[in-house]
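Q: Dumping the structure here so I can ask a few things about it.
Throughout, read-outs are computed from the coordinates displayed, never taken from laboratory work. No experiment lies behind these values; they were computed from the predicted model shown. All Cβ positions, even for glycine, are placed from backbone atoms using ideal geometry, and neighbour counts span all protein chains on display.
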Amino acid sequence: MTKVLMVCLGNICRSPLAEGILQSMVDPDEVFVDSAGTAAYHVGNPPDIRSIDVAKKYGIEIGQQRCRVFTTADFETFDHIYAMDKNNYTNILAKAKNDSQKQKVKLLLREVNLGYLEVQDPYHGGTLNFESVFKTISVACRAIADKINSNGRN
């Protein structure tokens, strides 16, 4: 089974969306997807209501997710760790103990050529920001899912 972790800052906006979107694109018997945040601001809380609403608009239910913080144990559990932006990428790498762990970490948007590398944090914006982030993440998740679905590992 391939295990994928999506990571943003608080695990309430971007990474829960990425978790739900990728889950909707892969076989749950073959791929386990989870999400986490590099900061422990919202541990135990559900995702931001705006993330829940935009996901629901596209037929994806993420309201059951609960926020958690990224831990060093995640390096052992997951095959692929995707950061939403450069700051979180750097924070994750700082916790890695060796090159093998570092090689698991990638920027999510490196999977596609959108002309930028970071999924912008929609937290301080309105509904349109969440819609835009959903669409951006969907493109990257489609690329990841296609790789996983074509050969079992990406």
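Q: Scan the stretch 1-64 for chymotrypsin sites (Phe, Trp or Tyr not before Pro) in coil per DSSP, keeping those whose Cβ has at most 16 other Cβ atoms within 10 Å, and list them by number. Spell out each step's value before the answer.
A: Values: sites: 32, 41, 58; in loops: 41, 58.
Answer by residue number: 41, 58.
Q: Right, here's the next one. For a test of the definition: using alpha carbon positions, the gyration tensor, and the 1.5 limit on a/c, classify the stretch 45-132 as rounded, prolate or oblate.
A: Note, shape of the stretch 45-132 comes out prolate.
Q: Once you order the gyration tensor axes a ≥ b ≥ c over the Cα atoms, which shape class does the stretch 16-75 get: rounded for a/c under 1.5, otherwise prolate or oblate by comparing a/b with b/c? Walk me through the intermediate numbers first.
A: Details: a/c = 2.72, a/b = 1.15, b/c = 2.36.
Taking the square roots of the gyration eigenvalues as a ≥ b ≥ c, the stretch 16-75 is oblate.
Q: While we're looking at this one, here's another question. Evaluate Rg over Rh across the stretch 2-151, taking Cα atoms for both radii and Kirkwood's formula for Rh.
A: 0.93
Q: Related question: Of 88, 98, 109, whose Cα points farthest to the positive end of the dipole of the stretch 88-151 (charges on the beta-carbon: +1 Lys, Arg; -1 Asp, Glu; origin at the Cα centre)?
A: Result: 98, furthest along the dipole toward the positive end.
Q: Still on this structure: For residue 85, what is the net charge nearby, where nearby means another residue's Cβ is under 9 Å from its Cβ and Lys, Arg count +1, Asp, Glu -1? List each step's numbers first, then the result.
A: Values: positive: 14, 86; negative: 118, 121.
The answer is 0.
Q: Could you give the longest part of the chain that holds none of the trypsin sites (Lys or Arg not before Pro) found in DSSP loops with at most 14 neighbouring Cβ atoms within 10 Å?
A: 1-65
Q: DSSP loop GluC sites (Glu not before Pro) in the stretch 60-154 with at most 14 other Cβ atoms within 10 Å of their Cβ, which ones? Before the final figure, lay out the partial values.
A: Values: sites: 61, 76, 111, 118, 131; in loops: 61, 118.
Sparse-neighbourhood loop GluC sites (Glu not before Pro): 61.
Q: Anything in the chain that counts as a DSSP H helix reaching 15 Å or more along its axis (C-alpha) with Kyte-Doolittle mean of at least -0.5? List them, would you?
A: Details: long enough: 127-151 (36 Å, 0.22).
Span-like helices, by this rule, are 127-151.
Q: Let me ask something else about it. Normalising by the residue count of the stretch 21-149, find the relative contact order in percent from Cα pairs under 8 Å and 6+ residues apart. Walk me through the intermediate numbers first.
A: Values: 148 pairs, mean separation 34.4, N = 129.
Relative contact order here is 27 percent.
Q: With r defined as the distance between the Cβ atoms of residue 77 and residue 128 and R0 fixed at 30 Å, what FRET efficiency is calculated, to the nearest 0.05? Display every interim value, and only then the final one.
A: On the way: r = 35 Å, r/R0 = 1.16.
That pair, residue 77 with residue 128, gives E of 0.30.
Q: Still on this structure: On a 31 Å Cα-Cα criterion, which of the cross-link pairs 3/97; 3/135; 86/147; 57/102 come out too long? Mind dumping the intermediate values first?
A: Details: 3/97 19 Å; 3/135 23 Å; 86/147 23 Å; 57/102 35 Å.
In this structure, 57/102 lie more than 31 Å apart at Cα.
Q: If I take R0 = 30 Å and measure r between the Cβ atoms of residue 64 and residue 1 in this structure, what FRET efficiency does the formula 1/(1 + (r/R0)^6) give, to the nearest 0.05? Each step should come with its number before you reach the end.
A: On the way: r = 21 Å, r/R0 = 0.69.
For R0 = 30 Å, the calculated efficiency reads 0.90.
Q: Here's a follow-up. Which FRET efficiency value, to the nearest 0.05, do you get for residue 56 and residue 120 by plugging their Cβ-Cβ distance into 1/(1 + (r/R0)^6) with R0 = 25 Å?
A: On the way: r = 21 Å, r/R0 = 0.85.
The calculated FRET efficiency here is 0.75.
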